[in-house]
1. State all residues of segment 105-122 that are crowded, with 20+ Cβ neighbours inside 10 Å and either within 11 Å of the ligand (Cβ to nearest atom) or polar (S, T, N, Q) (or both); if no residue qualifies, say none.
2. For the structure I just gave you, tell me whether Ile160 is under 17 Å from Pro118 (Cα atoms), within 13 Å of the ligand (Cβ to nearest atom) and modelled with pLDDT of 95 or more.
3. Among the listed residues Gln125, Gln132, which satisfies the condition of being at pLDDT below 95, surrounded by fewer than 21 Cβ atoms within 10 Å (Cβ to Cβ) and farther than 25 Å from Ser89 by Cα?
4. Enumerate the pairs (first residue in segment 1-24 and farther than 16 Å from Ala35 by Cβ; second residue anywhere and crowded, with 19+ Cβ neighbours inside 10 Å and at pLDDT below 75) with beta-carbon separation below 9 Å, excluding pairs fewer than 6 apart on the same chain, so at least 6 apart or on different chains.
5. Going through Ala94, Ala35, Ala102 one at a time, which residue ends up being among the aliphatic types (A, V, I, L, M), within 12 Å of the ligand (Cβ to nearest atom) and under 16 Å from the mean Cα position of the chain (by Cα)?
6. Just need a number here: residues in segment 153-194 that are of a type in the set (A, V, I, L, M, F, W, C) and surrounded by fewer than 20 Cβ atoms within 10 Å (Cβ to Cβ).
7. Pairs please, first residue from segment 244-259 and under 19 Å from Ile3 (Cα atoms), second anywhere and β-branched (Val, Ile, Thr) and assigned to a helix (DSSP H, G or I), Cβ atoms under 6 Å, 6+ apart in sequence or on different chains.
8. Report yes if Ser205 is of a type in the set (Ser, Thr, Tyr), farther than 22 Å from Cys108 by Cβ, within 12 Å of the ligand (Cβ to nearest atom) and surrounded by fewer than 21 Cβ atoms within 10 Å (Cβ to Cβ), otherwise no.
Amino acid sequence: MGILNVTPDSFSDGGKYTHTDAAISQVTKMIEQGATIIDIGGESTRPGAAQVSENDELSRVVPLVKLIKAHFDVLISVDTSKAEVMAESINHGADIINDVRALQNEHCLEVVANSNVPVCLMHMQGLPRTMQNNPQYDDLIDDIMLFFQQRIDVCQKAGIAKERIIIDPGFGFGKTLEQNYQLLGHLSKFKVLGLPVLSGTSRKSMIGNLLNKEVEHRLAGSLTTAILAAQQGANIIRVHDVEETADAMKVLSAVTQNL
Ligand code: 7PM
């Protein structure tokens, strides 16, 4: 899964064609490099981020869904927690809903239940603005497992078949540095739920803070986390650096296919 940068002023009148071209060239490149899913959005979920209005998010995301749909044969994932953005994205051909709030916002369950797209349920403790402020768990893995079991149950009761659910432990979302690495070390445990696992560690603070490196120097760390996640059965790896990650995955596959 390649992450598409969505700049705040995408598709504003002034820069429309520039931003369209930029999005097309970024998606073209990621597909050539081996991405099979393009994840749109995400800027609003970063730790400490301000909220984005529904209209702003709609006007950023929906044109991109349409654009990618019109130009490429690739799966489109939309990173959103807003029911209206989910509904409009699905209407325009989005293939996956990726929700860092695991469909806990109003109307999200209904919107996804009334569609047939898969949904990624991510674990987050707290809310983006404050979640990195001393996160605590009784037992990190057990607590996240319980959260998944509860959300899967709620989804199924709302009419979302288990076969449509992807789980994601949410690296960096209400976890200390130590907890993030504990989670990565035990990622395989979530496979007992029998669902595809998505792992998103690319360029995150868990790498930057461990290595003391700025975001543009986190590639080696990001690749290491991608390999460790894939080796433990992660099915989708959400990344910025598609070419390098695809190479790492090919090397890993060459090893595991011959075991
Ligand atoms: C700035 C800082 C911008 C952090 C964006 C972010 C995940 C996600 C994000 C994840 C799933 C990022 C985050 N992270 N969706 N959206 N899993 N499913 O680093 O880990 O991309 S936003």
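The values are calculated or read from the model by the stated rules, or taken from the named source; none is laboratory data. Since this is a predicted model, take the numbers as computed values, not measurements. Reconstructed Cβ throughout: ideal geometry from the backbone, glycine too, with neighbour counts over all protein chains shown.
1. Val119, Cys120, Leu121, Met122
2. Spelling it out, it is not the case that Ile160 is under 17 Å from Pro118 (Cα atoms), within 13 Å of the ligand (Cβ to nearest atom) and modelled with pLDDT of 95 or more.
3. Values: Gln125 fails: at pLDDT below 95.
Criteria check complete, one pass: Gln132.
4. That search, which allows pairs on different chains as well, returns Lys16/Ser10; His19/Ser10; His19/Phe11; Thr20/Ser10; Thr20/Phe11; Ala22/Ser10.
5. On the way: Ala94 fails: within 12 Å of the ligand (Cβ to nearest atom); Ala35 fails: within 12 Å of the ligand (Cβ to nearest atom).
It is Ala102.
6. Residues in segment 153-194 being of a type in the set (A, V, I, L, M, F, W, C) and surrounded by fewer than 20 Cβ atoms within 10 Å (Cβ to Cβ): 8 in total.
7. Close Cβ pairs (under 6 Å, with a partner that is β-branched (Val, Ile, Thr) and assigned to a helix (DSSP H, G or I)) amount to Ala248/Ile227.
8. Numbers: of a type in the set (Ser, Thr, Tyr): yes; farther than 22 Å from Cys108 by Cβ: yes; within 12 Å of the ligand (Cβ to nearest atom): yes; surrounded by fewer than 21 Cβ atoms within 10 Å (Cβ to Cβ): yes.
Judged against the criteria, Ser205 is a match.
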